[in-house]
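Remarks on the structure that follows.
Read the figures in this text as sums done on the coordinates, not as results from a lab. These figures come from a predicted structure and were not determined experimentally. We place every Cβ from the backbone using ideal geometry, glycine too, and count neighbours over all the protein chains shown.
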Number of protein chains: 2
Amino acid sequence: MARKYIDNPNACSLVHTMNIIGNKWKPIILYLLSNGSMRFGMLNALIPTISKKVLTNQLKELENDGLLLRQSFAEIPPRVEYSLTEKAVGLLPVLKLLSDWANEAYPEMDFEQCRIIENGKKPAYNNVYKK
Amino acid sequence: MARKYIDNPNACSLVHTMNIIGNKWKPIILYLLSNGSMRFGMLNALIPTISKKVLTNQLKELENDGLLLRQSFAEIPPRVEYSLTEKAVGLLPVLKLLSDWANEAYPEMDFEQCRIIENGKKPAYNNVYKK
DNA sequence: GCCATTAGTTACTTTTTGGTTACCACTATT
DNA sequence: AATAGTGGTAACCAAAAAGTAACTAATGGC
């Protein structure tokens, strides 16, 4: 009885992807972790404008969606390392394409200026800095 | 003086892309329009769970970001056709990859069931329906 | 004269998201 | 005895996004 509307076969997995990574912070977190595992404080330092609460929350969601591995070490002060799962690694090239697309589509925007974050919060451990 | 934090060169154009398409509705709108131009009411019918206010808003934002072309015809009742720009067309293959990724990464989810929308709102014009 | 039609808009409310500040556990160092 | 250091959590508040319902303009058809 009910007639069927034309629909897009790709819509729903696309919605799912967007639910998982489609916000301000998550793609950045994934890209930062693409060089290897990183501690909570390090991520927080590299994304100085995110609040600790939100970062915690984003990391939890990414972990729940199977994109991050969280390793907690029984040390004082605590150490927690986050790293990408295989699932997440498979997404990196696509994130790269999204990034490339913006660079091509909006050449008038200077994305360069975002590359270096100065005067961010400094975690105490030393490997945070570049020479 | 200020030491520089390691940063990711891709982060900012990625953020920009996510600002433009990283939400629940916009990728769907783009994919629906990938088959050709479409009227407002048609889009609203194909995405029955979006409110008219939000759809209007999303379309406006996509237009402002150069992804959509809006053509308004001086007819009564009014007719407005939305279509993709070249910029948007360049994004489609990447959206497809995002969709493919979810299908592969989450095989346990049945994205199939989203394909057909039944009992949605029906606009009066006839070309809305599939045989 | 009334209703249907389309693409919205407006005013209002609700939900979601994000941010702020203070606090905790536990140890080493000063 | 106090402080620094890390990875959080809790309570609270502000802002942004989204939903709802009613309304509009202008015309054709009944």
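Numbers below:
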| quantity | calculated |
| --- | --- |
| Segment A:14-111: Lys pairs at Cα distance under 23 angstrom, eight or more positions apart or on different chains | 13 |
| Dipole in debye (nearest 20) - segment B:12-111, about Cα centre, beta carbon charges: Lys, Arg +1; Asp, Glu -1 | 420 |
| Residues residue A:92 and residue A:53, FRET efficiency given R0 of 22 Å [Cβ-Cβ distance, rounded to 0.05] | 0.25 |
| Residue of chain A whose Cβ sits closest to the axis mapping A onto B, with distance in whole Å | A:22, 2 |
| Within 10 Å of each Cβ in A:21-27, the average number of Cβ atoms from other chains | 5 |
| Extreme residue, positive dipole direction of segment A:14-111, given options A:103, A:76, A:55 (C-beta unit charges) | A:76 |
| Label spacing, shortest first and in nm, from residue B:53 to its equivalents in the remaining copies (7 angstrom along Cα→Cβ) | 2.6 |
| Average Cα contact separation per residue, segment B:12-111, under 8 Å, 6 or more apart, as relative contact order % | 27 |
| Simple spin-label estimate for residue A:85 and residue A:64 in nanometres, 7 Å along Cα-Cβ | 1.3 |
| Sorted largest first, extent of segment B:6-86 alpha carbons per principal axis (Å) | 58, 26, 22 |
